[in-house]
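Worksheet for the structure shown next.
The values are calculated or read from the model by the stated rules, or taken from the named source; none is laboratory data. Note that the coordinates shown come from a computational prediction; the quantities given were computed from them, not determined experimentally. When we count neighbours, we look across all protein chains shown, and the Cβ atoms used for this are built from the backbone with ideal geometry, even at glycine.
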Protein chains: 2
Amino acid sequence: MNHRLLLAKRPTGMVDASTVRLDEVPVPEPGPREALVRVRYLSIDPTIRTWMDDAPGYLPPIGIGEVIRGAAIGEIETSNSDHYAVGDLVFGMLGWQEFTVATEGAGGLQTLPPGVEPTLALNIFGVNGMTAYFGLLDVGQLREGDTVVISGAAGATGSAVGQIAKIKGAGKVVGLAGTDDKCRWIVDDLGFDEAINYKTEHVGRRLRDACPKGIDLYFDNVGGEILDTCLGQLALRGRVVLCGAISTYNDKKRPTGPGNYRALIGRRGRMEGFIILDYADRFPEAQTAMLGWLAEGKLHHAEHVVDGLESAPDALNLLFTGGNAGKVIVAL
Amino acid sequence: MNHRLLLAKRPTGMVDASTVRLDEVPVPEPGPREALVRVRYLSIDPTIRTWMDDAPGYLPPIGIGEVIRGAAIGEIETSNSDHYAVGDLVFGMLGWQEFTVATEGAGGLQTLPPGVEPTLALNIFGVNGMTAYFGLLDVGQLREGDTVVISGAAGATGSAVGQIAKIKGAGKVVGLAGTDDKCRWIVDDLGFDEAINYKTEHVGRRLRDACPKGIDLYFDNVGGEILDTCLGQLALRGRVVLCGAISTYNDKKRPTGPGNYRALIGRRGRMEGFIILDYADRFPEAQTAMLGWLAEGKLHHAEHVVDGLESAPDALNLLFTGGNAGKVIVAL
């Protein structure tokens with residue numbers, strides 16, 4: 001049988017037991033030119049929470065009664081297609097379920113090159129690494145010597161952003177994280193210049209000390225007050241890369257915006273959003289660079305793996321409570 | 001004697017009688033290589049209100065007891081300088097006073113070419129026209145076919161933005177203004193495609209009707225709720241040009257920001273501020289273009305002239321009450 005998690009009820013606030021419903025249906029039969037995929041690793045990403053709301057977004061909301069949408073890695077179990085060989089690892093929007101069918105053509109899945117660890121493929125070679133690379137270099141237009149601030153810095157994306165910034169010649173890289181352990185990790189193991197525990201320290205004051213000339217590039221994963229504080233400390237021609245707003249995704253009412261946005265006028269600043277799917281054509285460029293840095297020992301990564309399909313909702317909540325360091329993955 | 005208006009007290013909210021103090025000092029004596037300037041026309045701009053607050057900005061606040069800072073056109077009255085001939089019209093930060101001294105070099109004034117109407121020089125050939133031109137084309141990167149929305153559309157800058165957008169091939173230009181007369185003016189005389197009276201109409205609904213494919217370029221002069229509404233209706237890769245935030249300059253507490261800023265992520269949007277002083281080197285390029293459009297009858301303008309130095313504070317308030325259409329100027 002194929003076990004699946006369906007959206008039972010749109011959450012208000014955090015996802016809880018009533019949000020999803022476990023369902024059991026026969027394993028699907030692949031037709032001609034199709035293959036059966038056994039889902040192995042779910043990529044747990046903050047954006048999944050936004051798809052659960054009945055709100056316009058870059059993808060339509062997940063419908064009530066539909067399988068929870070999410071990126072994942074699976075393994076080809078049986079195949080009627082020349083595109084997929086049994087044993088191949090494939091990546092795509094497989095969803096929160098044990099089995100699905102791979103088709104050819106536009107809806108097809110990406111086959112992973114042999115030898116890439118699946119959990120790593122979901123992290124720095126996957127959406128998070130790509131988001132870090134193109135968000136920092138293309139949207140943010142990192143320049144040598146820049147003072148870079150990153151929120152959610154111990155997360156899968158933030159931790160890669162900081163390391164790429166150092167590799168590419170940033171003058172100073174400051175990360176915000178929510179525990180002292182995470183702060184130590186990003187400084188001691190990942191090479192960030194400074195870390196601020198935003199839960200226990202005064203972010204505005206600490207940033208002013210750490211970035212006396214202002215912030216040239218702020219990579220925003222969280223939104224809310226921290227975005228507002230960083231806007232208020234933007235350097236001349238500073239750039240704000242809007243990657244996510246995780247501090248607001250569970251809000252029950254529409255969040256207020258950053259009052260300091262007006263600093264963009266006086267400082268000639270820019271605030272820009274992006275969606276990594278737009279860069280799919282250029283992923284190989286980033287993946288090649290990341291592979292090189294990994295081989296040189298310049299790029300570190302961490303995965304936080306939890307077991308079992310049914311733990312996926314709790315795994316998603318880890319991103320909001322900050323219970324993870326690095327990439328959250330559910331192993332099936 | 002030289003009459004001057006000094007900053008007596010920082011305003012909370014609108015400027016009033018207690019904000020400025022009229023002062024009388026001897027007419028200054030120009031030294032060697034200097035000239036005496038009689039101030040003729042004050043340029044009344046929203047940004048002057050921001051300089052009255054004790055807050056960081058792109059220029060330092062006006063000090064208590066200092067002459068109110070402001071751009072103006074003056075006439076050379078006597079001259080000890082080869083740079084300035086008696087009768088020349090000069091432009092610069094002359095301030096709210098009857099006389100000042102022109103120096104040579106870095107602090108020098110720009111001499112107007114003969115034949116340019118001084119009030120026009122303050123409007124489309126001055127800061128407003130330059131702001132419209134570079135804000136729309138350089139910061140906003142207007143593309144042919146764009147749906148453009150402009151707030152403060154009957155103001156000196158907004159009215160120029162809409163006309164330049166039409167000249168440069170915008171698909172649709174929608175202006176927001178605060179009276180039916182202004183709405184008629186920008187459509188009937190200036191060629192905007194549509195106007196919305198933001199004081200009497202439902203802006204969100206009217207914009208949705210006027211811009212069914214979303215807003216490609218929003219030129220923001222006002223901030224506040226209208227900025228938020230436009231962000232919520234941004235088209236894919238939409239751009240928000242932050243020129244000013246006049247709806248917030250008189251706020252007694254820090255205004256909240258636009259909650260819809262998150263739309264910048266899903267729509268891959270960009271919000272960018274600028275200060276026109278940065279473009280000073282490129283003014284001739286814009287002035288040449290504007291002169292051509294003026295000669296071809298494609299560019300219309302309006303000046304709202306009030307008389308007497310002492311009416312300057314009330315003239316400034318016109319910008320906030322919307323009592324003007326076009327450029328507000330004080331004739332001395």
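For the reader, a short list of remarks on this structure follows.
- Residue in the range A:285-301 that is surrounded by fewer than 20 Cβ atoms within 10 Å (Cβ to Cβ), in contact with a Leu (Cβ under 8 Å, 6 or more places away or on another chain) and either more than 14 Å from A:D138 (Cα to Cα) or not aliphatic (A, V, I, L, M) (or both) present: yes
One line per residue, one yes/no per condition, for (1) more than 19 Å from the chain's Cα centre (by Cα); (2) more than 29 Å from A:A302 (Cβ to Cβ):
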residue	(1), (2)
A:N80	yes, yes
A:G92	no, no
A:G107	yes, yes
A:T111	yes, no
A:L120	no, no
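For (1) touching a strand residue (DSSP E or B) at 6+ places or on another chain (Cβ under 8 Å); (2) within 19 Å of B:T50 (Cα to Cα), each residue gets a yes or a no:
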| residue | (1), (2) |
| --- | --- |
| B:Q287 | no, no |
| B:G297 | no, no |
| B:V306 | yes, no |
| B:E310 | yes, no |
| B:T321 | no, yes |
| B:I329 | yes, yes |
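- Every condition in (1) out of contact with any Asp or Glu (no Cβ under 8 Å at 6 or more places or on another chain); (2) among the aliphatic types (A, V, I, L, M); (3) surrounded by fewer than 16 Cβ atoms within 10 Å (Cβ to Cβ) holds for B:V86 except the one numbered (1).
The rows are residues; the columns are (1) modelled with pLDDT of 95 or more; (2) in a loop (DSSP other than H, G, I, E, B); (3) not hydroxyl-bearing (S, T, Y).
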position	(1), (2), (3)
B:T119	no, no, no
B:T131	yes, no, no
B:D138	yes, no, yes
B:A160	yes, no, yes
B:G169	yes, yes, yes
B:L176	yes, no, yes
B:K182	yes, no, yes
B:K199	yes, yes, yes
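- Test: residue in the range A:247-255 that is assigned by TED's automatic domain parsing to the domain that holds A:G135, farther than 24 Å from A:V127 by Cα, surrounded by fewer than 23 Cβ atoms within 10 Å (Cβ to Cβ) and among the hydroxyl-bearing types (S, T, Y): no
- As a summary of the residue check, A:G171 satisfies the conditions (1) more than 27 Å from A:G322 (Cα to Cα); (2) touching a strand residue (DSSP E or B) at 6+ places or on another chain (Cβ under 9 Å); (3) not assigned by TED's automatic domain parsing to the domain that holds A:R237 except for the one numbered (3).
- Any hit, the range A:264-271, residues being in a helix (DSSP H, G or I), surrounded by 18 or more Cβ atoms within 10 Å (Cβ to Cβ) and assigned by TED's automatic domain parsing to the domain that holds A:E117: no
- Count - residues of the range A:274-312 that are within 14 Å of chain B (Cβ to nearest Cβ) and either within 19 Å of A:G326 (Cα to Cα) or in contact (Cβ under 8 Å) with a residue 60 or more places away in the chain (or both): 5
- Entry remark, the range B:174-208: residues being buried (at least 23 other Cβ atoms within 10 Å of the Cβ) and closer than 19 Å to B:R267 by Cβ number 2 in total.
- Of all residues in the range A:249-270, those satisfying the criterion of being more than 7 Å from chain B (Cβ to nearest Cβ) and either hydroxyl-bearing (S, T, Y) or within 24 Å of A:P56 (Cβ to Cβ) (or both) are A:Y249, A:N250, A:D251, A:K252, A:K253.
- From A:T12, A:T78, residue being touching a residue at least 40 places away in the same chain (Cβ under 8 Å), surrounded by fewer than 22 Cβ atoms within 10 Å (Cβ to Cβ) and touching a strand residue (DSSP E or B) at 6+ places or on another chain (Cβ under 9 Å): A:T78
- For the range A:271-290, the criterion of being under 20 Å from A:T157 (Cβ atoms), basic (K, R) and under 20 Å from the mean Cα position of the chain (by Cα) is met by at least one residue.
- Boolean, B:R184 is basic (K, R) and either within 14 Å of another protein chain (Cβ to nearest Cβ) or more than 22 Å from the chain's Cα centre (by Cα) (or both): no
- The set of residues in the range A:231-248 that are modelled with pLDDT of 95 or more and more than 8 Å from chain B (Cβ to nearest Cβ) comprises A:L231, A:G232, A:Q233, A:L234, A:A235, A:L236, A:R237, A:G238, A:R239, A:V240, A:V241.
- A:L294 vs. criteria in a strand (DSSP E or B) and either of a type in the set (A, V, I, L, M, F, W, C) or assigned by TED's automatic domain parsing to the domain that holds A:P11 (or both): no
- Counting only residues that are farther than 14 Å from A:Y41 by Cα and among the polar types (S, T, N, Q), the range A:283-315 holds 2 of them.
- Which listed residue, of A:P255, A:P212, is outside any strand (DSSP E or B) and farther than 28 Å from A:G326 by Cβ: A:P212
- Total residues in the range B:135-145, condition of a type outside the set (V, I, T) and either crowded, with 23+ Cβ neighbours inside 10 Å or within 13 Å of the chain's Cα centre (by Cα) (or both): 4
- Subset of the range B:209-230 that is surrounded by fewer than 24 Cβ atoms within 10 Å (Cβ to Cβ), among the charged types (D, E, K, R) and within 13 Å of chain A (Cβ to nearest Cβ) - its residue that is farthest from B:G178 (Cα to Cα): B:D228
- Residue under evaluation B:D209, criteria (1) farther than 30 Å from A:L277 by Cβ; (2) acidic (D, E); (3) touching a residue at least 40 places away in the same chain (Cβ under 8 Å), criterion not met: (3)
- B:I164 being under 19 Å from B:L318 (Cβ atoms), part of a helix (DSSP H, G or I), of a type in the set (A, V, I, L, M) and more than 14 Å from chain A (Cβ to nearest Cβ): no
- Looking at B:R38, B:R49, B:R69, just one residue is more than 19 Å from B:I276 (Cβ to Cβ) and among the basic types (K, R), and that residue is B:R38.
- Odd one out for B:N324, checked against (1) part of a loop (DSSP other than H, G, I, E, B); (2) within 14 Å of chain A (Cβ to nearest Cβ); (3) of a type in the set (S, T, N, Q): (2)
- In the range B:249-269, the residues that are at pLDDT 90 or above and out of contact with any helix residue (DSSP H, G or I) (no Cβ under 8 Å at 6 or more places or on another chain): B:I265, B:G266, B:R267
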